[in-house]
Amino acid sequence: MMKKRLFALTCAALMGLSLTACGNGNTPSSTDEGGETPMASGVEDGVLTIAMECAYAPYNWLQDDDSNGAVAIANGTGYANGYDVMMAKKICEANGWELEIYQADWGSLVPGVQSGTYDAVIAGQSMTADRSKQVDFAGPYYYATMVCVTKADSPNASATSISELSGTCTAQESTIWYDACLPQIEGAQIQTAAESAPAMLMALETGTVDFICTDMPTARGAVAAYPDLVILDFSGTDGDFQFSEEERAENVNIGISVRKGNTVLKDAIDGVLSTMTSDDFDAMMDEAIAIQPVGE
């Protein structure tokens, strides 16, 4: 069931203005201030519908069974698990909602929230200024530093600064890693962006590239799956990627996206996240990495 699509059709029939009635990006809030039609929070039916790639371990992945608390995928076969699923279950439990998970490509996640196809996206998204123009963010629900990953036997393995990195590199498309981190590495031979995190890791593992840029949880998951990889963490040094404090905060903070103006859902999610500390987030991430299937 794609309940948000049905809602959009209902709005169109009743109001004749589906984009306005269903709360497009121009709708300012989910209240009826100023006499506007209230925006639906999406959980009136008691079901929180979320989307994720199911291919971005340790944030989320696809597995064959419901072991370790995995949740069946609504629009396909298999089960979703990972840090994002654990967090979604915690949010639903606190609010008395059922959880419905849809698998979607990275590039379709934001449009899916904007259109109302999904209530929210929980998929390891950085809370960037550009994304915040398109969706509202609850959170952060994790704090992640930016790192590089290379093979243990690579000359890059001894690098102590991004200035010491050399060779071919890539990162996942439509990410800060590819768009803003890799260009800071002078002389780096930046290859075509990988369409997904697994594709990025496979490019490194197969020798297609010499190193990649990603965030720390993804790097930790990669090393757990591929023991021949090592993490290069330059954070806190002069050799780190250079951003303003605002830019760094945007890209370290990982958030849960909802439709613009959906304050009811955002506040409900933030109400749960506000009870958790960074240590709680780290403990949950450790658990996700520990149960991550080999090869993810």
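The values are calculated or read from the model by the stated rules, or taken from the named source; none is laboratory data. From a predicted model like this one, the values you see are computed outputs, not experimental measurements. Here Cβ is always computed from backbone atoms with ideal geometry, including for glycine, and neighbour counts include all displayed protein chains. Side chains included, ligands, DNA and RNA excluded: accessible areas come from the protein's heavy atoms. Shrake-Rupley method; radii C 1.70, N 1.55, O 1.52, S 1.80 Å.
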* Is it true that residue 174 is within 21 Å of the chain's Cα centre (by Cα) and not in a strand (DSSP E or B)? -> yes
* Residue that is least open to solvent (accessible area, probe 1.4 Å) [pool: residues in segment 75-107 that are more than 12 Å from the chain's Cα centre (by Cα) and modelled with pLDDT under 95] -> 76
* Asked: Regarding residue 122, is this residue among the hydrophobic types (A, V, I, L, M, F, W, C), in a helix (DSSP H, G or I), touching a helix residue (DSSP H, G or I) at 6+ places or on another chain (Cβ under 7 Å) and open to solvent by less than 10 Å² (accessible area, probe 1.4 Å)?
  -> no
* To do: Could you tell me whether any residue of segment 200-217 is assigned to a strand (DSSP E or B), within 30 Å of residue 62 (Cβ to Cβ), in contact with a Ser or Thr (Cβ under 6 Å, 6 or more places away or on another chain) and not aliphatic (A, V, I, L, M)?
  => yes
* Asked: Filter segment 114-133 for residues that are touching a strand residue (DSSP E or B) at 6+ places or on another chain (Cβ under 6 Å) and modelled with pLDDT of 95 or more; which is nearest to residue 240 (Cα to Cα)?
  -> 123
* Asked: Of 163, 154, 67, which residue is open to solvent by 40 Å² or more (accessible area, probe 1.4 Å), of a type in the set (S, T, N, Q), closer than 22 Å to residue 235 by Cα and over 19 Å from the mean Cα position of the chain (by Cα)?
  -> 163
* Could you give every pair whose Cβ atoms fall below 6 Å, whose first residue belongs to segment 209-230 and is closer than 12 Å to residue 154 by Cα, and whose second residue is open to solvent by 10 Å² or more (accessible area, probe 1.4 Å) and part of a helix (DSSP H, G or I), counting only separations of at least 6 or pairs across chains? -> 209/203; 229/223; 230/157
* Structure fact -> The one condition residue 117 fails out of (1) part of a strand (DSSP E or B); (2) touching a helix residue (DSSP H, G or I) at 6+ places or on another chain (Cβ under 6 Å) is (1)
* Count of segment 219-247 residues which are among the aliphatic types (A, V, I, L, M) and open to solvent by 30 Å² or more (accessible area, probe 1.4 Å) -> 4
* Asked: What number of residues within segment 185-204 satisfy the criterion of being surrounded by fewer than 20 Cβ atoms within 10 Å (Cβ to Cβ), touching a Phe, Trp or Tyr at 6+ places or on another chain (Cβ under 7 Å) and at pLDDT below 95?
  -> 1
* Structure fact -> In segment 134-151, residues that are at pLDDT below 95 and open to solvent by 30 Å² or more (accessible area, probe 1.4 Å) total 2
* Asked: Do the conditions hold for residue 278, that is, is it of a type in the set (Gly, Ala, Ser) and surrounded by fewer than 14 Cβ atoms within 10 Å (Cβ to Cβ)?
  -> yes
* Mind checking which pairs have a first residue in segment 247-270 that is farther than 18 Å from residue 281 by Cβ and a second that is part of a helix (DSSP H, G or I) and open to solvent by less than 10 Å² (accessible area, probe 1.4 Å), Cβ under 7 Å, 6 or more apart or different chains? -> 258/113; 258/265; 259/113
* Asked: In the list 269, 256, which residue meets the criterion of being touching a Phe, Trp or Tyr at 6+ places or on another chain (Cβ under 9 Å), farther than 29 Å from residue 162 by Cβ, hydrophobic (A, V, I, L, M, F, W, C) and assigned to a helix (DSSP H, G or I)?
  -> 269
* Would you be able to say whether some residue in segment 229-237 is within 19 Å of the chain's Cα centre (by Cα), in a loop (DSSP other than H, G, I, E, B) and of a type in the set (Val, Ile, Thr)? => no
* Within the bounds of segment 257-273, is there any residue that is modelled with pLDDT under 95, in contact with a strand residue (DSSP E or B) (Cβ under 8 Å, 6 or more places away or on another chain) and not small (Gly, Ala, Ser)? -> no
* Selection from segment 46-63 of residues that are at pLDDT 95 or above and surrounded by fewer than 24 Cβ atoms within 10 Å (Cβ to Cβ) -> 46, 47, 62, 63
* Structure fact -> Residue set 241, 211, 281; condition of a type in the set (Phe, Trp, Tyr) and either at positive phi or within 20 Å of the chain's Cα centre (by Cα) (or both); output residue 281
